[in-house]
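Some notes on the structure that comes next.
Every number here is computed from the coordinates shown, using simple stated rules; none is lab data. Here the structure is a predicted model, which is why all the values come from computation and not from measurement. Cβ placement follows ideal geometry from the backbone for every residue including glycine, while neighbour counts extend to all protein chains displayed.
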Amino acid sequence: MIADVYIELKDGVADPEGEATLKALRLLGFKRVKKVSTVKVFRIDIESRSKEDAEREIKEMCEKLLANPVIQKYSIVWRE
């Protein structure tokens with residue numbers, strides 16, 4: 001089973017990299033871009049007896065290592 005885990009900042013948390021990228025894009029003439037946010041993606045290939053077990057384990061990975069729960073949120077998207 002393969003899952004993409006998206007890690008992004010929670011609403012209200014400053015995103016200096018996204019803001020700098022937005023500024024650079026506007027300087028390059030891309031005036032219609034309204035917002036840029038950074039998102040990190042981890043593709044995890046996991047062996048498990050069930051999708052539920054795999055999802056439980058990936059959530060544990062996120063909470064222990066992949067995401068900082070104070071400032072980040074995560075979502076899991078399963079690949080077919």
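Odds and ends about this structure:
- Within region 32-75, the set of residues being among the polar types (S, T, N, Q), out of contact with any helix residue (DSSP H, G or I) (no Cβ under 7 Å at 6 or more places or on another chain), surrounded by fewer than 13 Cβ atoms within 10 Å (Cβ to Cβ) and closer than 19 Å to Glu19 by Cα is empty.
- Test: residue in region 17-24 that is of a type in the set (Asp, Glu) and surrounded by 11 or more Cβ atoms within 10 Å (Cβ to Cβ): yes
- Test for Val13: is it in contact with a Ser or Thr (Cβ under 6 Å, 6 or more places away or on another chain), part of a loop (DSSP other than H, G, I, E, B), surrounded by 11 or more Cβ atoms within 10 Å (Cβ to Cβ) and not polar (S, T, N, Q): no
- Hits in region 28-80 (condition: within 22 Å of Leu9 (Cβ to Cβ), assigned to a strand (DSSP E or B) and of a type outside the set (Ser, Thr, Tyr)): Val39, Lys40, Val41, Phe42, Arg43, Ile44, Gln72, Lys73, Ile76, Val77
- Pairs with Cβ under 6 Å, 6+ apart, first in region 62-80 and on the phi > 0 side of the Ramachandran plot, second part of a strand (DSSP E or B) and of a type in the set (Ser, Thr, Tyr): none
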